[in-house]
Amino acid sequence: LETRFLEEFAAALRDALDRFCQYLQSSDVAEESIFDSRLVLSELAGNVLKHSSGSARLRLDIVGGKIEVEVRSDNFFCPPEKPCLPAADSESGRGLYLVDKICECRSVTKEGGLRVVIRTHYNRKEEG
C-alpha cells in the first residue's frame, strides 16, 4: 500500500512539475530559471508531504519580473529559518539548503496551513 501511494505521489508530482515548466516555457522564461523553479518546487513539495498531512497544493506565477513559487499543506509545518549546511554525501537534509542557495528569499505564514513563497530571478530567453 505504501509503495503504491509513493508511486502515485511521484507520478502526480511529475505531472504538476511538467505543467509548471510548460507554463514557464510559454512565458519565454530562460531554461536555467525553469530548471531552478522545478528543483525548488520538487524540494518543497517533498518537504510538505514528508512533514505534514500528505497533501500539497502548488502555485507558480510570474510577478514583477520574478518567478513566485508557493507550496501549501493543510497542516502547519514551519521549516527552519536557516537550514544547516549538510554533508555533501548526505541522504537527506539538503533540500532547504539548496532552495535557499537558488532563491532570493523564502517566507512562511500560518494562512491556510503551510505557505512557503520563493522568488527566483526571472531571466527571459535571449532573442536569437
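Listed here are the residues, each with its yes/no results for (1) out of contact with any helix residue (DSSP H, G or I) (no Cβ under 7 Å at 6 or more places or on another chain); (2) more than 18 Å from ILE118 (Cβ to Cβ); (3) in a loop (DSSP other than H, G, I, E, B); (4) without any contact (Cβ under 8 Å) to a residue 60 or more places away in the chain.
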residue: SER55; (1), (2), (3), (4): yes, yes, yes, yes
residue: LEU60; (1), (2), (3), (4): no, no, no, yes
residue: GLU68; (1), (2), (3), (4): yes, no, no, yes
residue: VAL71; (1), (2), (3), (4): no, no, no, yes
residue: SER92; (1), (2), (3), (4): yes, yes, yes, yes
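Inspect all residues belonging to the range 74-86 and state whether any of them is surrounded by 13 or more Cβ atoms within 10 Å (Cβ to Cβ) and part of a strand (DSSP E or B).
No, every residue in the range 74-86 fails to be surrounded by 13 or more Cβ atoms within 10 Å (Cβ to Cβ) and part of a strand (DSSP E or B).
Can you tell me which of (1) at pLDDT below 80; (2) open to solvent by less than 80 Å² (accessible area, probe 1.4 Å) is the one GLY128 doesn't meet?
For GLY128, the exception is condition (2).
Return yes when ARG106 is at pLDDT 75 or above, under 14 Å from the mean Cα position of the chain (by Cα) and within 28 Å of ARG4 (Cβ to Cβ) and no when it is not. Explain how you work it out, then say what you get.
Working: at pLDDT 75 or above: yes; under 14 Å from the mean Cα position of the chain (by Cα): yes; within 28 Å of ARG4 (Cβ to Cβ): no.
So ARG106 fails the test.
Somewhere in the range 52-73, is a residue at pLDDT 85 or above, of a type in the set (Val, Ile, Thr), over 15 Å from the mean Cα position of the chain (by Cα) and within 18 Å of ILE102 (Cα to Cα)?
No, there is no match, as no residue in the range 52-73 is at pLDDT 85 or above, of a type in the set (Val, Ile, Thr), over 15 Å from the mean Cα position of the chain (by Cα) and within 18 Å of ILE102 (Cα to Cα).
For the range 18-38, what are the residues that are surrounded by fewer than 17 Cβ atoms within 10 Å (Cβ to Cβ) and in contact (Cβ under 8 Å) with a residue 40 or more places away in the chain? Break it down stepwise before answering.
Here is the first cut: in the range 18-38, the ones surrounded by fewer than 17 Cβ atoms within 10 Å (Cβ to Cβ) are 18-19, 22-23, 25-28, 30-32, 35.
Within the range 18-38, ASP28, ALA30, GLU31, GLU32 qualify.
For residues in the range 1-17 being open to solvent by 80 Å² or more (accessible area, probe 1.4 Å) and modelled with pLDDT under 85, which is farthest from the chain's Cα centre (by Cα)?
This residue is LEU1.
The values are calculated or read from the model by the stated rules, or taken from the named source; none is laboratory data. Because the structure is a prediction, the values reported are computed rather than measured. Cβ sites come from the backbone with ideal geometry, for glycine too, and all protein chains shown count toward neighbours. Keep in mind that these areas ignore ligands, DNA and RNA; they rest on the heavy atoms of the full protein, side chains included. Shrake-Rupley method; radii C 1.70, N 1.55, O 1.52, S 1.80 Å.
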